[in-house]
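Peer 1: The structure that follows is given in the form of structure tokens.
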Amino acid sequence: MQAPSSTAGNAIVRIGNRQALRDPLWLRCALIGVAVGFIVLFLCLPLGLVLYQAFAKGWQAYFQALSEPDTVAALRLTLIVALATVPLNTIFGIAAAWAITRFEFPGKSLLTTLIDLPFSVSPVISGLIFVLLFGSQGWFGPWLSAHQIKIMFATPGIILVTVFVTFPFVARELIPLMQEMGNEEEEAALSLGAGGWKTFFLITLPNIKWALLYGVLLCNARAMGEFGAVSVVSGHIRGLTDTLPLHVEVSYNDYDAVGAFASASILAGLAVVTLVLKSFLEWKAR
Amino acid sequence: MTQSSIMPGFRPALAFTLGYLTLIVLIPLSSLLFTSLQLDWNEYLDIMIDRRVLAAFRISFLTSLAASVIAGLFGFVIAWVMVRYPFAGKRVLDALIDLPFALPTAVAGVVLATIYQPGGIVGKWLIDNFGLQVAYTPLGIVVALIFIGIPFVVRTIEPVLQEFDTTMEEAAACLGASRLQVFAKIILPNLFPAVLTGVSLAFARGIGEYGSVIFIAGNLPYVSEIAPLLIVIKLEQYQYAGATSIAFSMLIVSFLLLLGLNLLQRRLRKRSGQI
């Protein structure tokens, strides 16, 4: 028999040490090799290459690329879009999770399905539907141009598609958690005389804060990183309606590798922060 | 309805949820539906049987299918290794699986194109050793879609594998089954629905994927031009009917795909007696 591993208590190790479940050593090594090789080639390499390309011509070129007016404008627009989108979808996520997990009503499962709908729509189609609504030939197009309101090829259009694309993120993280939590604690607080808001802020919010934070972070990452839907409605006006991902595209197509990857490095950094926080939350939940 | 009357805020929460959902999701999506219904049937057919449109759909389908099957194979191995084998650095690698979810598609697109272009790190190696060009061919699309699809497969299989009842494997082993027999007769049939779900999710996502594909694809009409790109091209030429027809067909396809998957899963579950 194998000697018990020093990290006993870990379920995975226990499975590994049960004779009947043990795969031959060569097979284990081969499979681990395949898995690690795949992850290194397909996931680590791209992530590392973003940094390598961004700093290929040194720190100075990197910061110079980032301080170019078009890059700064793109970064500012990206932040504005995220600042408008994330709070809206966060409030929605909390309200939807509260209604769905704390009450019984007919059509609940249909509502849950509809909330997930934007996930199954191609980014390009997400952009297209807003063109059909607000474009010059769209439903509201003539009315909007008569009143001098610009939605397409302007910031409002970009915000609208981003809200659509990131719609389910917060609700999706909260609904399963609040379902599992049950509402005994909230009922106790309410029956002891606490008001609705007080109960929410003192009981519910502390219980869901990590999942809420993760949902907000995912929503934010996608809001800052959305490409397909935004590129359909943005019109690609440099320094005006280019978000950071669109700026990556424009710089790349201009053969400005440092510029493209400098902007990309900000977005990649955001992705890494999201992944680290996710691991942290999973570790905390354990 | 058994509902605790003590919980407050039902009406405002539900009203806000429904109002916001209608405004942001339902009305915009219905614009596609109604615009499609206004199209003339013959016009729609003319657009859809155009050679370039058919070619784009064929490319989107075949590359997504190939990528999701490959992602399914590797995803299965990765999920297996992550759940069953202890090894150093596993936590970090496991966290990295979600990278394609978190990395903006445009970033993935430019970085994959840089790696696989003829002068890139992997691209040069492949051309020198195998004469295989990946970037700017349908193969490049497959690579991008494998990248996008892998977390769908791994994250669908992992929880099922974690819950897997290992006593079944032990029983089979006690009755004299070899490890290979246990895998073929016990493990694979039980994990198959999860594998199928993961592969289908990757496939559905792959058909609609845009940002990570267009940089590496080269976008040659009839060769490496995907259906979503054709929507963008039609929109840029103000051909709204064309863009809407393609989008509508894509939505129908993904709807049928999800429906088929649901039915298949129900049948598989019934057969294995879990209902």
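The values are calculated or read from the model by the stated rules, or taken from the named source; none is laboratory data. Quick caveat: nothing in here was measured; it's all calculated off a predicted structure. Cβ coordinates were reconstructed from backbone atoms using ideal geometry, including for glycine residues, and neighbour counts include every protein chain displayed. Only protein heavy atoms, including side chains, enter the accessible area calculation; ligands, DNA and RNA are left aside. Shrake-Rupley method; radii C 1.70, N 1.55, O 1.52, S 1.80 Å.
Peer 1: Summing +1 for each Lys or Arg and -1 for each Asp or Glu, what net charge is found among the other residues whose Cβ lies under 12 Å from the Cβ of A:Leu240?
Peer 2: Numbers: positive: A:Arg76, A:Lys150, A:Arg238; negative: A:Asp70, A:Asp242.
Neighbour charge sum, excluding A:Leu240 itself: +1.
Peer 1: As a quick test, which of the pairs A:Lys198/A:Lys284; A:Lys278/B:Lys90; A:Lys57/A:Lys278; B:Lys185/B:Lys270; A:Lys108/A:Lys278 have an alpha carbon distance above 21 angstrom in this structure?
Peer 2: Numbers: A:Lys198/A:Lys284 26 Å; A:Lys278/B:Lys90 15 Å; A:Lys57/A:Lys278 33 Å; B:Lys185/B:Lys270 18 Å; A:Lys108/A:Lys278 29 Å.
Pairs exceeding the cut-off: A:Lys198/A:Lys284; A:Lys57/A:Lys278; A:Lys108/A:Lys278.
Peer 1: Which semi-axes, in whole Å and largest first, does the equivalent ellipsoid of region B:131-275 have when worked out from the alpha carbon gyration tensor as the square roots of 5 times its eigenvalues?
Peer 2: Details: eigenvalues 320, 76, 21 Å².
Largest first, region B:131-275 gives 40, 19, 10 Å.
Peer 1: Among B:Leu103, B:Leu139, B:Leu161, which one shows the biggest mean-square fluctuation in a GNM of chain B, springs joining Cα atoms closer than 10 Å?
Peer 2: Per the Cα network of chain B with a 10 Å cutoff, B:Leu103 tops the list.
Peer 1: For the pair B:Arg51/A:Glu187, report the inter-label distance in nm, with labels modelled 7 Å from Cα in the Cβ direction.
Peer 2: Output for this residue pair reads 6.9 nm.
Peer 1: Bin by bin, in steps of 10 Å, what percent of the Cα pairs in chain B do you find, going until the bin that has the longest distance?
Peer 2: Each 10 Å bin holds this share of Cα pairs: 6, 21, 26, 24, 16, 6, 1, 0.
Peer 1: So how do A:Cys219, A:Cys44, A:Cys29 rank on accessible area, 1.4 Å probe, biggest first, that is with the largest at the start? Before the final figure, lay out the partial values.
Peer 2: Values: A:Cys219 0, A:Cys44 45, A:Cys29 80 Å².
Sorted by accessible area, descending: A:Cys29, A:Cys44, A:Cys219.
Peer 1: Let me ask another. Rounded to the nearest 500, what is the 222 nm mean residue ellipticity of chain A from helices alone, with -39500 (n - 2.57) per DSSP H run of 4+ residues and division by all residues? Intermediate results must be reported in sequence, preceding the final value.
Peer 2: Values: 16 runs with 205 residues, N = 286.
One gets -22500 deg cm²/dmol as the mean residue ellipticity at 222 nm.
Peer 1: For a quick check of understanding: with a 1.4 angstrom probe and all protein chains in place, what accessible area in square angstrom does A:Asp256 have, to the nearest ten?
Peer 2: The accessible area of A:Asp256 comes to roughly 60 Å².
Peer 1: So, one more: Across 5 Å bins from the origin, how do the percents of Cα pairs in chain A run, short distances first?
Peer 2: Answer for chain A: a P(r) of 1, 5, 9, 11, 12, 12, 12, 11, 10, 8, 5, 3, 1, 1, 0, 0, 0 percent.
Peer 1: Chains A and B: what accessible area do they bury, summed, in square angstrom to the nearest 100, with a 1.4 Å probe?
Peer 2: Details: alone 17360 and 16810 Å², together 26160 Å².
Counting both chains, the buried surface is close to 8000 Å².
Peer 1: For region A:57-285, calculate the relative contact order in percent as a whole number, restricting contacts to Cα pairs under 8 Å that are 6 or more residues apart. Please list the in-between numbers first.
Peer 2: On the way: 269 pairs, mean separation 73.3, N = 229.
Worked out over region A:57-285, it gives 32 percent.
Peer 1: Using alpha carbon coordinates only, what is the Rg to Rh ratio of region A:121-230, with Rh defined as the Kirkwood radius?
Peer 2: A ratio of 1.18.
Peer 1: How high is the relative contact order of chain B, given as a whole-number percent (alpha carbon pairs under 8 Å, six or more residues apart)? Don't skip to the end; give the middle numbers.
Peer 2: Details: 289 pairs, mean separation 77.4, N = 275.
Relative contact order, chain B: 28 percent.
Peer 1: With the other protein chains left in place, how much accessible area per residue, in square angstrom, belongs to the protein assembly as shown at a 1.4 angstrom probe? Mind dumping the intermediate values first?
Peer 2: On the way: 26160 Å² over 561 residues.
With all protein chains present, the protein assembly as shown gives 47 Å² per residue.
Peer 1: Treat every Asp and Glu Cβ in region B:41-271 as -1 and every Lys and Arg Cβ as +1, leave all other atoms uncharged, and give the resulting dipole magnitude about the Cα centre to the nearest 20 debye. Kindly include the intermediate steps, with their values, before the conclusion.
Peer 2: Values: 17 positive and 14 negative charges, 108 e Å.
Rounded to the nearest 20 debye, it is 520 debye.
Peer 1: Here's a follow-up. Using the beta-carbon distance between B:Arg155 and A:Leu205 and R0 = 25 Å, what value does 1/(1 + (r/R0)^6) give for FRET efficiency, to the nearest 0.05?
Peer 2: On the way: r = 28 Å, r/R0 = 1.10.
After rounding to 0.05, the efficiency reads 0.35.
Peer 1: Looking at region B:133-190, I'd like the Rg to Rh ratio, where Rg is from alpha-carbon atoms and Rh is Kirkwood's inverse mean 1/r. Before the final figure, lay out each step's value.
Peer 2: On the way: Rg = 17.6 Å, Rh = 14.0 Å.
With Rg and the Kirkwood Rh in hand, the quotient comes to 1.26.
Peer 1: Projected onto the charge dipole of the protein assembly as shown (+1 at Lys/Arg Cβ, -1 at Asp/Glu Cβ, origin at the Cα centre), which of B:Thr35, A:Cys44, A:Leu246 gives the Cα projection farthest towards the positive end?
Peer 2: Looking along the dipole axis, the top candidate is A:Cys44.
Peer 1: Something else about it: Rank these residues by their accessible area, most exposed first, probe 1.4 Å: A:Val40, B:Val143. Show your work: numbers first, answer last.
Peer 2: Details: A:Val40 70, B:Val143 15 Å².
So, going from the largest accessible area down, we get A:Val40, B:Val143.
Peer 1: Further question on the same structure: Let me know the volume per residue of the alpha-carbon convex hull for region A:76-134, in Å³. All intermediate terms of the calculation are to be shown ahead of the outcome.
Peer 2: On the way: hull volume 6.6 nm³, N = 59.
Output value, Cα hull per residue: 111 Å³.
Peer 1: Related question: Looking at the square roots a ≥ b ≥ c of the eigenvalues of the Cα gyration tensor of region B:95-147, which shape do they give, rounded for a/c under 1.5, prolate if a/b is larger than b/c, or oblate? The partial results should precede the final answer.
Peer 2: Details: a/c = 2.23, a/b = 2.09, b/c = 1.07.
Note, shape of region B:95-147 comes out prolate.
Peer 1: For a quick check, take a GNM of chain A with Cα springs below 10 Å and name the residue from A:Ser67, A:Ser109, A:Ser126 with the largest mean-square fluctuation.
Peer 2: A:Ser109
Peer 1: I'd like the carbon and sulfur percentage of the solvent accessible area for the protein assembly as shown, probe radius 1.4 Å, heavy atoms only, ligands and nucleic acids excluded.
Peer 2: On the way: 17320 of 26160 Å².
After summing per-atom areas, the C and S share lands at 66 percent.
Peer 1: While we're looking at this one, here's another question. When the dipole is taken about the Cα centre of region B:124-245, and only Lys, Arg (+1) and Asp, Glu (-1) are charged at their Cβ, what size is it in debye, to the nearest 20?
Peer 2: The calculation lands at about 220 debye.
Peer 1: Debye calculation, C-alpha points only, no solvent: report log10 I(q)/I(0) for region A:27-159 at q = 0.10, 0.14, 0.16 Å⁻¹, in the same order as the q values.
Peer 2: The computed values of log10 I(q)/I(0) come out as -0.70, -1.05, -1.09.
Peer 1: Taking just the alpha carbons, could you work out the radius of gyration and Dmax for the protein assembly as shown, both in angstroms?
Peer 2: Cα only, the protein assembly as shown: 24.8, 82 Å (Rg, Dmax).
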